[in-house]
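To start, the structure under review is shown below, and the notes come after it.
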Amino acid sequence: MSRRASGLKAWFLQRVTAVYVGLFGLYLASHFALAPPASHAELVRWVASPWVALGLLLFIPILLAHAWVGIRDVLMDYVKPIALRAAAMTLVGFVFLASGLWAAQAIIAVRAFQ
Amino acid sequence: MTKHRPVFLELRRIHLPVGGVVSILHRVSGVLMVLAVPVFAWLFALALGSTAGFETASAFLAHPLVRLTLLLLVWALLHHLLAGVRYLLIDLGLGVDRPSARRSAWTALAAALAVTLMVAGGMLL
């Protein structure tokens, strides 16, 4: 794959993911700003409801893909030493993967105990 | 690629147009939210895991410094979202001419700040 093709793919991926992240992100932010769950039971009930659980499980990889393309662009623009850039990208990759898996297992566990 | 391209980085002499300000803040806000990703994943799993975890997460989020950081993230989300919608519209060929682009840049910049101030007011009430 040429550099140009990979750049265009990333550019397109960034715009497609932006639409879902924007819409669902806005829903999440307004839910927690306007009607934050007052108890553990209420939070569990909200997360375990099928549409919210599905929306969240989709949100995790789509958000992380969007964030990955964005932070990768930033690192490529500002971190010039190649070893340092590779180290930073590896660290971000691990943190993103760990964050995504950790959040997803919490959702799946809540669904399983319903 | 040429090795010695001209670089002009005298920050005090660069007059960035408003579109440039919105653009760099789109990056800054994105980086801020990236830094928040692991914290939110941890808080979410903690609050969801048990009643005690929910209480710990609530207490953490009630701390004044955390509230201030949340407000910064609210601005980051709003600015990133509004600037992002602006870029999507420009990619579709809407509002590309300079007066429209300037106007939408000012709108995104101001609206994100205005709603952040409203949220700040709501937090104090």
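The values are calculated or read from the model by the stated rules, or taken from the named source; none is laboratory data. All of these numbers come straight from a predicted model, not from anything done at the bench. Cβ atoms come from the backbone with ideal geometry, glycine included; neighbour counts cover every protein chain shown.
General observations
- Within the range B:1-45, being within 13 Å of chain A (Cβ to nearest Cβ) and of a type in the set (Gly, Ala, Ser) holds for B:Ser23, B:Ser29, B:Gly30, B:Ala36, B:Ala41, B:Ala45.
- Given (1) under 30 Å from B:Gly122 (Cβ atoms); (2) surrounded by fewer than 13 Cβ atoms within 10 Å (Cβ to Cβ); (3) at the interface with another protein chain (Cβ under 10 Å from one of its Cβ atoms), index of the condition A:Tyr78 fails: (1)
- Residue in the range B:27-47 that is surrounded by 11 or more Cβ atoms within 10 Å (Cβ to Cβ), in contact with a His (Cβ under 8 Å, 6 or more places away or on another chain) and farther than 27 Å from A:Val69 by Cα present: yes
- Residue among B:Ala62, B:Ala57, B:Ala52, B:Ala120 that is among the aliphatic types (A, V, I, L, M), surrounded by fewer than 16 Cβ atoms within 10 Å (Cβ to Cβ) and at pLDDT 95 or above: B:Ala52
- Flag if B:Ser29 is more than 22 Å from A:Tyr78 (Cβ to Cβ) and of a type outside the set (A, V, I, L, M): no
For (1) at pLDDT below 95; (2) assigned to a helix (DSSP H, G or I); (3) over 23 Å from B:Leu88 (Cα atoms), each residue gets a yes or a no:
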{"site": "A:Leu13", "(1), (2), (3)": "yes, yes, no"}
{"site": "A:Thr17", "(1), (2), (3)": "no, yes, no"}
{"site": "A:Tyr20", "(1), (2), (3)": "no, yes, no"}
{"site": "A:Leu23", "(1), (2), (3)": "no, yes, no"}
{"site": "A:Pro36", "(1), (2), (3)": "yes, no, yes"}
{"site": "A:Leu43", "(1), (2), (3)": "no, yes, yes"}
{"site": "A:Trp46", "(1), (2), (3)": "no, yes, yes"}
{"site": "A:Leu54", "(1), (2), (3)": "no, yes, yes"}
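- Hey, B:Gly93 farther than 30 Å from A:Val47 by Cβ and either within 12 Å of chain A (Cβ to nearest Cβ) or modelled with pLDDT under 95 (or both) or not: yes
- Qualifying residue in the range A:87-101 (condition: more than 11 Å from every other protein chain (Cβ to nearest Cβ) and either at positive phi or touching a Lys or Arg at 6+ places or on another chain (Cβ under 7 Å) (or both)): yes
- Residue within the range A:41-57 that is under 19 Å from B:Leu32 (Cβ atoms) and not aliphatic (A, V, I, L, M) present: no
- Subset of the range A:53-75 that is farther than 18 Å from B:Leu46 by Cβ and β-branched (Val, Ile, Thr) - its residue that is farthest from the other protein chains (Cβ to nearest Cβ): A:Ile62
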